[in-house]
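As C-alpha cells, the structure follows; a few thoughts come after it.
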Amino acid sequence: MIRIRHLTLALLGTLAITPAAFAQDASTDTASGKRFAVVGGYALSEPTRNPEIDGARTQLDGDGAGTLSASYYINDNIAVEAWGAADKFSHRVRDGEGQKLGSVDAQPYAVSGQYHFRQADSTVRPFVGLGYYEQNFDGETAEPSGALAGQRIGVETAKGAMATAGVDVNINPTWFARADVRYLQGDSDVKLDGVTAGEAELDPVILGVGVGARF
C-alpha cells in the first residue's frame with residue numbers, strides 16, 4: 001500500500017505540472033489525426049483475492065514491473081491497444097499466519113478497445129476500455145522450510161476480461177503522461193506434483209503511470 005501511495009503522489013505531481021507545459025509548447029502542430037501511440041511505464045499489481053491450495057487459504061504479496069503498450073487510433077476517440085508487462089511481477093505466497101510458502105512470477109498481456117473522451121488536443125483526456133487478457137505464471141518455487149516444501153508447484157495460465165480506466169495529460173501534440181488502473185478477472189488451476197490442488201482466482205488490480213508518444 002505504501003508503494004501505491006508513492007505512485008499516486010508522483011501522478012498528482014505530473015498532473016499539476018503538465019498543463020502549464022502544454023500551454024507553453026502550443027504550436028500549429030496537432031494531436032488530431034495521429035494514428036499510433038506507444039507508452040512505457042511502471043505498474044503495481046495487487047491481487048484482490050487469494051488462492052486456495054490443498055484446502056488452505058493463502059495470501060499473495062503485490063509487486064511492481066515495467067509495462068509497454070501500443071495503440072492504433074481508428075479515429076481521435078476510438079483506439080485498439082495491445083498492452084503487457086515488460087517484466088514479471090514476482091509474488092510471494094504466504095499462509096494464513098504470514099509465513100512464506102513460496103513464490104511465483106506473473107506476466108500479463110492484453111488486447112482491448114478504448115474510448116478516449118474529449119478532443120485530441122484537450123489537455124486532459126480520460127479514457128475507458130474493455131478487452132481480453134492472459135496472464136502467464138512461471139518460476140513457481142516452494143519455500144524449503146514451508147508447508148509445500150519438496151512439492152512441484154504449477155499454476156496454469158489465467159484468462160479472462162480486463163477493464164481499464166485512465167487519463168492522458170497532453171504535454172504537447174506528440175508527448176503525453178498517462179495514469180491508468182486495470183482490473184483483470186479470471187482464474188487458473190494450482191497443481192502440486194501434477195495434481196490439481198486448488199484454484200488461483202487472483203483478480204488483480206494493476207495501477208500504472210507512464211509517458212507516451214503519438215505519431
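Just so you know, all these numbers are worked out from the coordinates, no wet-lab data involved. All of these numbers come straight from a predicted model, not from anything done at the bench. Because the Cβ atoms are built from the backbone with ideal geometry, glycine has one as well, and the counts that use them run over all protein chains shown.
Remark on G198: its backbone amide H falls under 5 Å from those of D54, V190, a criterion applied only to residues 5 or more positions apart or on other chains, H modelled at 1.01 Å from N. Phi angles across the range 192-204 convert, under the Karplus curve 6.51 cos²θ - 1.76 cosθ + 1.60 with θ = phi - 60°, into 3J(HN,Hα) values of 10, 6, x, 10, 4, 10, x, 9, 9, 10, 7, 6, x Hz, Gly and Pro given as x.
Other residues lying with their Cβ under 14 Å from the Cβ of N77 contribute a combined charge of +1, Lys and Arg counting +1, Asp and Glu -1.
Using the Cα centre of the range 2-214 as origin and beta-carbon charges of +1 (Lys, Arg) and -1 (Asp, Glu), tell me which of P204, Q107, N170 is placed farthest towards the positive end of the dipole. Final value for the positive-end residue is N170.
I want to check a number: in the chain, how many lysine pairs have alpha carbons closer than 27 Å, given a sequence separation of 8 or more or different chains? Could the numbers behind the result be given before it?
Values: K88/K100; K88/K159; K88/K191; K100/K159; K100/K191; K159/K191.
Counting lysine pairs in the chain gives 6.
Per-residue 3J(HN,Hα) values for the range 154-167, derived from phi via the Karplus relation 6.51 cos²θ - 1.76 cosθ + 1.60 with θ = phi - 60°, read x, 10, 6, 4, 8, 9, x, 8, 10, 10, 10, 9, x, 8 Hz in sequence order (x marks Gly and Pro).
The dipole here belongs to the range 89-158: it is taken about the Cα centre, uses +1 on the Cβ of Lys and Arg and -1 on the Cβ of Asp and Glu, and is about 280 debye. When shorter helices are ignored and each DSSP H run of at least 4 residues is given -39500 (n - 2.57), the per-residue value for the chain at 222 nm works out to -4000 deg cm²/dmol. Backbone geometry of the range 123-138 corresponds, through the Karplus equation with coefficients 6.51, -1.76 and 1.60 at θ = phi - 60°, to 3J(HN,Hα) couplings of 4, 10, 10, x, 8, 9, x, 8, x, 10, 10, 10, 10, 7, 10, 7 Hz, x marking Gly and Pro. Given axes a ≥ b ≥ c from the Cα gyration tensor, I'd like to know whether the range 81-148 is rounded (a/c under 1.5), prolate (a/b larger than b/c) or oblate. Note, shape of the range 81-148 comes out prolate.
Apply the a/c threshold of 1.5 to the C-alpha gyration tensor of the range 127-215 and tell me whether it is rounded, prolate or oblate. Here the range 127-215 falls in the prolate category.
Relative to the dominant Cα principal axis of the chain, helix 2-24 is inclined by about 10°. For the chain, the Cα-based Rg and Dmax, in that order, read 19.6, 65 Å.
Using R0 = 30 Å, the C-beta based FRET efficiency linking D87 and T196 works out to 0.55. Between the amide H of G160 and those of Y133, distances stay under 5 Å, these residues lying 5 or more places away or on another chain, with hydrogens modeled in the peptide plane.
For D138 and T174, the FRET efficiency from 1/(1 + (r/R0)^6), where r spans their Cβ atoms and R0 equals 35 Å, is about 0.40. Dipole magnitude for the range 2-214: about 720 debye, using +1 per Lys or Arg Cβ and -1 per Asp or Glu Cβ, origin at the Cα centre.
Could you please report the charge total around D87, scoring K, R as +1 and D, E as -1 over all other residues with beta-carbon less than 13 angstrom from its beta-carbon?
Details: positive: K88; negative: D63, D105, D138.
Overall, the nearby charge balance is -2.
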